[in-house]
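First up is the structure itself, then whatever we jot down about it.
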Amino acid sequence: MSVTLVFLAVMMALFGGWLFSHSINARPWVAQTDARSSQLPPALTASRVGLAVFLAVATSLFALTISAYLMRHEMGHDWQPLAVPGLLWWNSACLVLGSIALQSAWGAARRDNGPQLRRGLLVGGGFTIAFILGQALAWWQLQARGIYLSANPANAFFFLLTALHVLHLLGGLFAWSRSLFRLRRGATPRQMLASVELCALYWHFLLVVWGILFALLLTT
């Protein structure tokens, strides 16, 4: 449980720091006083706040699942450690490269560099799809070795943790595909900045989560 609380505290601190960094230079006293204008600092857009709330919920979900994993690991004699497939190292590298590519796309959108933005989005999405396919291949390899979900609790939690992470990535790919579609329909890099920013931050979040999950699987 203490590990879960630390995980929650760290992730919440990251979210809070990110929002604070975007609002510290805001000057609400110079903002337009139009009746339609928001009372929030200009940097705290609805999309950023929405993402922060979603990531807080996702963090809670992962934290609770990790807590259940650790508690079940400490209970009973039926826990048989699972040999983590070596393929997961290559998958992890794909996720790292995908996150780097989306960070590059975010920078390209800020610089109004259309070709680099398109390239960053394509490469980031490609590496992410490769990660998901690699995870599916790792599951298939385990099944081929006779390691089934119902065989023991360690197996069940391995499939649960990795599948939960993949589901979040699939949701991210939906947002990524919408951004790519807008770009191909002629949206300018400046118009794409907000959506690419959210994609990059979401990928960074899932990269951190995967690092924690992978370390947990390796050490237990």
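Here are some notes:
- Answer from Ser179, Ser195 - the residue that is part of a helix (DSSP H, G or I), within 26 Å of Ala56 (Cα to Cα) and touching a Cys at 6+ places or on another chain (Cβ under 9 Å): Ser179
- The single residue among Asp78, Asp112 that is at pLDDT below 90, assigned to a loop (DSSP other than H, G, I, E, B) and on the phi > 0 side of the Ramachandran plot turns out to be Asp112.
- Which numbered condition Gly125 misses (of (1) exposed (fewer than 15 other Cβ atoms within 10 Å of the Cβ); (2) under 19 Å from Glu197 (Cα atoms)): (1)
- Among the conditions (1) of a type outside the set (D, E, K, R); (2) in a helix (DSSP H, G or I); (3) farther than 14 Å from Leu217 by Cα, Leu70 misses just one, which is (3).
- Selected residue (criterion: surrounded by the most Cβ atoms within 10 Å (Cβ to Cβ)) from residues of the range 182-192 that are of a type outside the set (A, V, I, L, M) and in a helix (DSSP H, G or I): Pro189
The values are calculated or read from the model by the stated rules, or taken from the named source; none is laboratory data. None of these values were measured; they are calculated from a predicted model. Cβ sites come from the backbone with ideal geometry, for glycine too, and all protein chains shown count toward neighbours.
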